[in-house]
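Here's the structure we're looking at; comments come further down.
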Amino acid sequence: MISLSAQPEAIDLSLAQTALVIIDMQRDFLEPGGFGASLGNDVSLLRTAIAPCQSLLAAARAMGMLVIHTREGHLPDLSDAPPAKIMRGKPELRIGSIGPMGRVLVRGEPGHGIIPELAPVTGEIIIDKPGKGAFYRTELNDVLKEQRIENLLVCGVTTEVCVHTTVREGNDRGYRCVVVGDACASYFPEFHRVALAMIPAQGGIFGWVSNSTAVVAALSPKRMSTATTP
Ligand code: TIU
């Protein structure tokens, strides 16, 4: 059991019942030529989340915490992509079109892969999701129930889109969701700030917000032993 400093207040977490969920750290969102860039975004803005996600991942791996990576993307025949999503806006490349990293937002294409800095290792779970939320049309809830997980440490991109949707879904399903703020990023810094502010408002309406330094310290056995020293 650890006590993690967070907003709106510290949260006690049983680590055996806690999972790290890394949302959509894919080349399609973080590298030029992918889905994020096709929507007109400056993808370099998301890179601030990489190092904090790496720290969280290393700490979670070191203590054997369940790690879940998610990827947004569609089947090659686009049967799981609603026309309303494909035809939305005026992107340079639509979902399914061929770009420099293969077909945009399609499973199995280079752009759909997780960035090398955060590549999953054997034993970690990868959830492929067709929507913004990681619970919608996926096995995520079943996996979490099977592993008796009650708490989610959530990071990744983008703060106000897939991170927020997943946290809202998870909160409604009874999970305590702690968003690791500096390990999330948005193409819109103001949206990032406001999205994080919404979560702990009203006594924690969607969950808690913490930061990677606090989480890594709380997960580190060294810190836990020194914390007991008077
Ligand atoms: N466009 C945008 O900000 N995000 C997405 O489309 N997906 C995720 O957030 N992963």
Practice item. Test each condition in (1) assigned to a loop (DSSP other than H, G, I, E, B); (2) farther than 24 Å from G131 by Cβ; (3) in contact with a strand residue (DSSP E or B) (Cβ under 6 Å, 6 or more places away or on another chain) for S3 and report the one that comes out false. Key: (1)
Exercise for review: Starting from region 147-162, take each residue that is within 17 Å of R193 (Cβ to Cβ) and charged (D, E, K, R) and list its partners that are within 12 Å of the ligand (Cβ to nearest atom) and modelled with pLDDT of 95 or more, counting only C-beta distances under 8 angstrom and pairs at least six apart or across chains.
Suggested key: E160/S186; E160/F188; E160/F191; E160/H192; E160/A195
Exercise for review: Pairs only if they're at least six apart or on different chains, beta carbon under 7 angstrom, first in region 94-120 and at positive phi and in a loop (DSSP other than H, G, I, E, B), second surrounded by 20 or more Cβ atoms within 10 Å (Cβ to Cβ) and not hydrophobic (A, V, I, L, M, F, W, C); list them, first residue then second.
Suggested key: G96/R103; L105/D28; L105/E72; L105/G73; L105/H74; L105/H112
Exercise for review: Kindly indicate which of S55, S14 is more than 17 Å from the chain's Cα centre (by Cα) and away from the ligand (no atom under 16 Å from the Cβ).
Suggested key: S14
Exercise for review: State which residue pairs qualify: first residue within 11 Å of the ligand (Cβ to nearest atom) and inside region 20-37, second residue open to solvent by 20 Å² or more (accessible area, probe 1.4 Å) and at pLDDT below 95 in any location, beta carbons under 9 Å apart, and separation of 6 or more residues or different chains.
Suggested key: G34/L93; F35/P91; F35/L93; A37/E92; A37/L93
Review point. When region 36-56 is examined, which residues are found to be open to solvent by 20 Å² or more (accessible area, probe 1.4 Å), assigned to a helix (DSSP H, G or I) and closer than 14 Å to S186 by Cα?
Key: A37, S44, L45, R47, T48
Check your understanding: Just wondering, is there one or more residues in region 195-209 that are hydrophobic (A, V, I, L, M, F, W, C), open to solvent by less than 10 Å² (accessible area, probe 1.4 Å) and under 18 Å from K129 (Cβ atoms)?
Key -> no
Practice item. Pairs only if they're at least six apart or on different chains, beta carbon under 8 angstrom, first in region 60-74 and modelled with pLDDT of 95 or more, second within 14 Å of the ligand (Cβ to nearest atom) and among the basic types (K, R); list them, first residue then second. Key: T70/K129; R71/K129; E72/K129; E72/K132; G73/K129
Point to revise | Hits in region 120-151 - residues which are away from the ligand (no atom under 16 Å from the Cβ) and touching a strand residue (DSSP E or B) at 6+ places or on another chain (Cβ under 9 Å) | key: P120, V121, G123, E124, I125, E139, V143, L144, Q147, I149, E150, N151
Check your understanding: In region 1-13, which residues are open to solvent by 20 Å² or more (accessible area, probe 1.4 Å) and closer than 17 Å to V154 by Cβ?
Key -> S5, Q7, P8
Point to revise | Single residue of D172, D128, D142 found to be open to solvent by 20 Å² or more (accessible area, probe 1.4 Å) and touching a Ser or Thr at 6+ places or on another chain (Cβ under 8 Å) | key: D128
Review point. Of all residues in region 152-189, which are farther than 18 Å from N211 by Cβ, more than 16 Å from the ligand (Cβ to nearest atom) and touching a Leu at 6+ places or on another chain (Cβ under 6 Å)?
Key: Y175
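The values are calculated or read from the model by the stated rules, or taken from the named source; none is laboratory data. Note that the structure is a prediction, hence the values are computed from the model and not measured. Glycine also receives a Cβ, built like all others from the backbone with ideal geometry; neighbour counts cover every protein chain displayed. Remember, those area values only see protein heavy atoms, side chains included, never the ligands or the DNA or RNA. Shrake-Rupley method; radii C 1.70, N 1.55, O 1.52, S 1.80 Å.
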